[in-house]
Amino acid sequence: MSKKKINGDGIYFTGESSNDVTGSQYLVKFGEKKCLFECGLYQSKTNSYLDSYKINSKKFKFDPEEIDYLFVCHPHIDHCGLIPRLVKNGFNGKIITTRNTAIVMKALLLNCAYIVNDEARVLSKRYGRDYAPLYGADDVYKTLDLIEVYDTYNTVFKLDDTVGFQWLNNSHCLGAAQVQLILSNGSKTKKVMYTSDIGSLHTKNHYLQDSEIPTMFNDVVIMESTYGSRDRISNKTREFDVEHLKVAVETVLERKGSIVLPCFSFSRTQEILTTLYDIFGKDSSFVAPVIVDSKLSCEICNLYSHMLYGEDFSLWNNVCQWQNVKFIIEKEDSKQCLEDNTPKIIISSSGFCTNGRIVKYLQKYLQDINSMIVFSGYAGDNDSFLSYRIKNNKKRSHIKINKVPVANRADCITMSTFSSHASNFDLVEYGSALNTNKLVLVHGSNESKESLRGELEDAISQNDSTYRVICSNKNMVVPF
Ligand SMILES: [Zn+2]
Ligand SMILES: [Zn+2]
């Protein structure tokens, strides 16, 4: 699709997430107005810097200068990590988001600028030619200047004579929203709902409101389908996972081992830490240190004090003041912690274990028969992710970490209810209860989308509804 092809009114599926689970970007054109739903970085399936770089440095399929509004529903990098490049290429419209997403976006985008810079340096060295970084910290600051915060949910805001919107609850992470875009020019009105990544409908997480199913009419609903495939079904409840974690921690500490929890810096780290506090915080006989070792995770833990109110604020305060908890920011302190053999609980990043301090902890504890690795949620879908290799090769005697085989002796468990994505059950419940003309499935593998479409069509007809379910494709257009 070339620039000139964006002419008729409708939704243009311009991003990689039309075919994949990463790189979210959808353009809505209505008369003279152009809006974007997110602008995320593409993260290669095989963790290849070159593949990611090639896709992220491609020309935008529209003129960035012509975009009026960019809606950001949550700050994960695959949903906002390409915005600084959009700004670098001329975007000067408004970035519409929630207060908490704006707060975290600053930390995550600055961290991302550092990473894209480092990846460009590695690529230049590896291939002997100049790979310019996708963007720099200065582009991130220009991006942050364009943010306009709207913090009330279930209230329609008018941005101009034509464009209005409202946020709906989304439990994907703190500050997340779904967005309904309302476009009207007097003679024609179009309403588009975008779920972004959607969190669970029923699991009670700390600090989050369960995701809501929109009851109002929409011409089109765009829904994510990460867990669309039926083989992702799990019948576990959060209570089960919490009990499992409690028993695992007690067993491992008794045999003088340590627990290693690879966690994403934002939302998962804080949820797991709070869960551990719930279980052991008031038990004076529980003396094991609980370590959060990651600069970014600690930074976001700090931000939580500015993001939470009322009871949530008090709870988080208690968690941070729990005498067992230690936040490790500096590299030197991390090194010391790694060398210390006291049994402990370690929460570190990255969640996929592809880089960060978690890799060192895994090198040490994977070979310890008394220790345990605990995954929470998605761990990647192929062997290029260390998290996937550990989680899915329990019987293998060795696992390669940075190309060196490490004895695979530690126990390994997974707590699936901590995933930040709606389960297959939730997706079917949500997608079959809508008041819409069309439901478009995005942000999932083709198998996942096709499988979910089948389930949804059955459930929709059982609900006596008739709307169409469409699996997205890259460069697809849904005209108004
Ligand atoms: Zn997300
Ligand atoms: Zn996503």
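The values are calculated or read from the model by the stated rules, or taken from the named source; none is laboratory data. Note that this is a predicted model, so its numbers are computed, not measured. We place every Cβ from the backbone using ideal geometry, glycine too, and count neighbours over all the protein chains shown. Only protein heavy atoms, including side chains, enter the accessible area calculation; ligands, DNA and RNA are left aside. Shrake-Rupley method; radii C 1.70, N 1.55, O 1.52, S 1.80 Å.
Using r as the Cβ-Cβ distance of LEU146 and PHE313, and R0 as 51 Å, what FRET efficiency do you calculate, to the nearest 0.05?
After rounding, the FRET efficiency stands at 0.95.
State the percentage of accessible surface on region 248-375 attributable to carbon and sulfur atoms; use a 1.4 Å probe and exclude ligands, DNA and RNA.
That fraction is 49 percent.
Using modelled amide H (1.01 Å from N, peptide plane; none on Pro or chain starts), what sits under 5 Å from the amide H of VAL440, excluding residues fewer than 5 places away?
Excluding prolines and chain starts, which carry no amide H, the hits are VAL221, ILE222, MET223, ILE470.
Taking 8 Å as the Cα distance limit and 6 or more residues as the minimum spacing, I'd like the relative contact order of region 1-98 as a percentage. Could the numbers behind the result be given before it?
Details: 180 pairs, mean separation 25.3, N = 98.
After rounding, I find 26 percent.
Rounded to the nearest whole Å², what accessible area per residue is found for region 13-111 with the 1.4 Å probe?
Details: 3000 Å² over 99 residues.
Heavy-atom accessible area per residue stands at 30 Å².
Express the carbon and sulfur contribution to the solvent-accessible surface of region 141-185 as a percent, rounded to the nearest whole number, probe 1.4 angstrom.
Its accessible area is 47 percent carbon and sulfur atoms.
What residues qualify as long-range amide H neighbours of LYS34, i.e. H under 5 Å apart, gap of 5 or more or another chain, H built at 1.01 Å from N?
Sorted by chain and number, the residues that satisfy this are ASP68, TYR69.
Using only Cα positions of region 108-233, each an equal point scatterer, no hydration layer, compute I(q)/I(0) via Debye at q = 0.12, 0.17 Å⁻¹ and quote the log10 values to two decimals.
Result of the Debye calculation: -0.71, -1.01.
In whole Å, how far is the Cα centre of region 241-309 from that of region 67-103?
31
If all Cα-Cα distances of region 358-428 are sorted into 5 Å bins from 0 onward, what percent lands in each bin, rounded to whole numbers?
3, 16, 26, 24, 14, 7, 5, 4, 0
Using every pair of alpha-carbon atoms in region 1-104, split the distances into 10 Å bins beginning at 0 and state the percent of pairs per bin, rounded to integers.
15, 50, 30, 5, 0
Once the Cα gyration tensor of the chain is diagonalised, what are the square roots of 5 times its eigenvalues, in whole Å and ordered largest first, as equivalent ellipsoid semi-axes?
37, 25, 22
Accessible area per residue of region 323-480 at 1.4 Å probe, in Å²?
47
Computed over the Cα atoms of region 403-480, what is the ratio Rg over Rh, Rh following Kirkwood?
Ratio value, two decimals: 1.18.
Apply the Karplus curve 6.51 cos²θ - 1.76 cosθ + 1.60, θ = phi - 60°, to the phi angles in region 395-404 and return the couplings in whole Hz, x for Gly and Pro.
In residue order, the calculated couplings are 8, 6, 6, 9, 10, 7, 10, 6, 6, 9 Hz.
What's the longest piece of the chain with no exposed trypsin sites (Lys or Arg not before Pro), counting a site as exposed if DSSP puts it in a loop and it has at most 13 other beta carbons within 10 Å?
Here the longest segment lacking exposed loop sites spans 283-393.
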